[in-house]
Amino acid sequence: MKLVNALTICVLGTGSLFASSLIQKASENGMMPIPADKAELMKLINDKNDPITKEKVELGKKLYFDPRLSKSGIISCNTCHNVGLGGADGIPAAIGHGWTANPHHLNSPTVYNSVFFKAQFWDGRSPHLADQAKGPIEAGPEMAAPASLVEQRINSIPEYVNEFQNAYGKNVKIDFTKITETIATFEKILVTPSPFDDYLNGNENALTKEEKAGLNTFIDKGCASCHNGIALGGTMQPFELAAKYKFASVGDFKGNAQGMVKTPTLRNITETAPYFHNGQIWSLSEAVQEMGSVQLGIAISDEEAASIVTFLKTVKGRKPDISYPQLPESTKDTSKPAFD
């Protein structure tokens, strides 16, 4: 009886040691959790020069959902970055003004956890969310609204003017920069902690044995060399390191001037198919195997891919409760929609 008890204790102890060592292994490979402590999280996402407030978040949410920020009056930020669809749009290439597909055949990345990205856009040309928000609004194939048109529409709506003054003070200048900064403030709170974060934050029971095995495979195969940090991605990395991406001919995107491409986040990855910059792969297992070939120069077996996918399901996070806002009404002075 004593021997049985001793063996039981030994086995349980070994399991605990494996869990602890796997947490350490993940940390050593640069994988970081979303902080469980709200104060610690706020240190990461807040800007002391433009602090997050309830008023700014609510106003930013309205602007995010408001299609009047587009020339046609029918496209909002949420159209391509739908918070009900994993923060993306679920199609291979984004569709914008005049039913125009993205001319480079680029897939819309998720808005969730984008506050943790080191660079924005597939070519990393924007350093932060406020700057990123300007691009799609003004881009002809996207929302096609010049900054002056956006400013005119927002300033023509008294309720919006009042909300900006309530959020920033009576002397606020409601210009394009302030509008996009406010959208970014809303986007900053779109953070989705997951069972994976619970595990790295010390809850060793947050993942099953199979999920932990998948995490171990993910690390051992080298996936964490690019998919690391809190975002599990979001940094600029060289692409096609070991082989040619099999759908490279779809679209003309080649990365930035140095051939670098932003590594997409793996958070909520089960919700954001299709995958890759041009949205050509719909199966997550296939995407894992393609990355093994293209980036790591290895063959990932079906069994190994399935194990990694089991782990990837654990980074599907708990979403903030976002209700569709009631938007302030236009006035006779608000510029009318245009479709040319």
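Taken together, the values in this text are just the output of simple stated rules run on the coordinates, not laboratory data. Just so it is clear, the model here is predicted, and its values are computed rather than measured. No Cβ is skipped: glycine too gets one built from the backbone with ideal geometry, and neighbour counts run over all protein chains shown.
Worth pointing out:
- Additional length obtainable on full extension of the chain from N201 to L327, 0.36 nm per residue less Cα span: 41.5 nm
- Cα shape, segment 42-188, gyration tensor, a/c 1.5 rule: oblate
- Potential lengthening between K38 and E58 on full extension [0.36 nm per residue; Cα-Cα distance subtracted]: 5.3 nm
- Charge sum, other residues only, whose C-beta stays under 13 Å from G233's C-beta, Lys/Arg counted +1 and Asp/Glu -1: +3
- 20 Å cut-off, amide nitrogen to a point 7 angstrom out along E286 Cα→Cβ, residues in segment 189-224: none
- In terms of other Cβ atoms within 10 Å, V111, V57, V172, V150 run from fewest to most in the order V172, V57, V111, V150.
- Cleavage-rule hits, chymotrypsin sites (Phe, Trp or Tyr not before Pro), segment 115-191, DSSP coil, Cβ neighbours within 10 Å at most 16: F121
- The chain: most fluctuating residue of A101, A306, A36 per GNM, C-alpha cutoff 10 Å: A36
- For the chain, the longest principal axis of the Cα atoms and the long axis of helix 176-188 meet at an angle of about 30 degrees.
- In this structure, N29 and A306 have a Cβ-Cβ separation that, at R0 = 22 Å, corresponds to a calculated FRET efficiency of about 0.55.
- K254/N171 FRET efficiency (R0 30 Å; Cβ-Cβ; nearest 0.05): 0.10
- Listed from fewest to most Cβ neighbours within 10 Å, the set M32, M143 follows the order M32, M143.
- Distant-in-sequence amide H partners of Y275 (H built 1.01 Å from N, under 5 Å): Q280, I281, W282
- Helix-only [θ]222 nm of the chain, DSSP H runs n ≥ 4, -39500 (n - 2.57) each, per residue, nearest 500: -11500 deg cm²/dmol
- FRET efficiency estimate (nearest 0.05) - Cβ-Cβ, T270 to T334, R0 41 angstrom: 0.50
- Listed values for segment 293-299 are Karplus-derived 3J(HN,Hα) couplings in whole Hz (6.51 cos²θ - 1.76 cosθ + 1.60, θ = phi - 60°), namely 6, 6, 9, 9, x, 10, 9, and x replaces Gly and Pro.
- Helix 2-28 vs. the chain, principal-axis angle (Cα, 0 to 90°, nearest 10): 40
- For the chain, the longest principal axis of the alpha carbon atoms and the long axis of helix 302-312 meet at an angle near 60°.
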